[in-house]
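Here's the structure, in structure tokens; my notes come after.
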Amino acid sequence: MAIGDSLMAWHSASGASIAHVVGQALNEPVLNRAIGGAKIIHALPVTGALGFKISAQFSSGQNATPKDWVIMTGGGNDLFLGCGCNKCERRIQRMIDPKGQSGEIPKLIAKIRQTGARVVYVGYLRSPGVDSVIDACLPFGNEFEARIATMAEGDDGVFFVSLEGLTQNGDRSMHGVDMIHPSRKASNLIGQRVADVIRKADKTR
């Protein structure tokens with residue numbers, strides 16, 4: 001299963017999302033429940049239940065089919081859309097503490113892990129040095145991802161895939177025209193990275 005925001009949902013209609021690429025690379029079915037605009041922290045109950053709160057995208061009830069792996073993204077919209085460039089540290093703290101042990105993300109990861117599934121958490125693309133409306137978020141994004149990496153180090157069933165270095169300075173080919181979302185090329189490369197992590201950890205794949 002794949003859950004998360006537009007990084008994971010992008011190119012779904014054309015069958016070229018990150019989740020699609022992982023499924024094709026591993027020859028395994030992948031259910032992509034990611035939704036563009038979804039957040040880790042989402043206060044509205046109706047839209048949250050519809051999947052705009054990322055934790056609601058993961059189903060673990062009696063009728064849910066057990067998942068071996070959950071691939072996820074999340075946190076970018078909380079920073080870019082949620083903190084308004086003045087309360088980012090507080091927003092990050094609500095999502096995940098510096099030790100990666102408390103907050104909404106560790107809570108969701110614990111819920112997923114209790115089902116027996118392993119988790120791959122995918123980070124975000126960096127700006128290639130050309131104008132992007134999210135450039136100011138980079139320091140906060142780096143801190144956020146450092147906490148995700150720390151969380152992953154404490155659980156051998158959680159893996160963090162950083163996208164730092166995937167985009168080279170001046171190279172626009174990894175982004176769509178909005179310079180935020182991944183191009184098909186980037187989705188393919190990210191999907192292959194995720195598939196490689198799963199293959200290395202799970203020899204049955």
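Under the 0.36 nm per residue contour assumption, what length would be gained going from the current alpha-carbon distance of residue 172 and residue 199 to full extension?
Working it through step by step, the gained length comes to 6.8 nm.
Using a 1.4 Å probe, what is the accessible area per residue for the chain, in Å²?
Working: 10110 Å² over 205 residues.
Per-residue value: 49 Å².
Which three semi-axes in whole Å describe the equivalent ellipsoid of the chain, each the square root of 5 times a Cα gyration tensor eigenvalue, listed largest first?
Working: eigenvalues 109, 89, 54 Å².
Equivalent ellipsoid of the chain: 23, 21, 16 Å, largest first.
Out of the total accessible area of the chain (probe 1.4 Å, heavy atoms of protein only), what percent is carbon and sulfur?
Details: 5290 of 10110 Å².
Of the solvent-accessible surface of the chain, carbon and sulfur hold 52 percent.
What FRET efficiency, computed as 1/(1 + (r/R0)^6) with R0 = 22 Å and r the Cβ-Cβ distance, is obtained for residue 89 and residue 43, rounded to the nearest 0.05? Please list the in-between numbers first.
Working: r = 19 Å, r/R0 = 0.87.
After rounding, the FRET efficiency stands at 0.70.
Springs between alpha-carbon atoms under 10 Å, Gaussian network over the chain: tell me which of 170, 37, 100 tops the mean-square fluctuations.
Of 170, 37, 100, the Gaussian network model singles out 170 as fluctuating most.
Where is the GNM fluctuation largest for the chain (alpha-carbon springs, 10 angstrom cutoff): 119, 158, 177?
Checking each option, the largest mean-square fluctuation is seen for 177.
Could you list which residues have their amide H under 5 Å from that of residue 70, counting only those 5 or more apart in sequence or on another chain, with H placed in the peptide plane?
Amide H neighbours of residue 70, under 5 Å, 5+ apart: 118, 119, 120.
Which one, 154, 141, 165, has the greatest fluctuation when you compute a Gaussian network model over the chain with C-alpha springs under 10 angstrom?
165
The values are calculated or read from the model by the stated rules, or taken from the named source; none is laboratory data. Everything quoted here is computed from the prediction, not taken from an experiment. All Cβ positions, even for glycine, are placed from backbone atoms using ideal geometry, and neighbour counts span all protein chains on display. We work out accessible area using only protein heavy atoms, side chains counted, and drop any ligands, DNA or RNA first. Shrake-Rupley method; radii C 1.70, N 1.55, O 1.52, S 1.80 Å.
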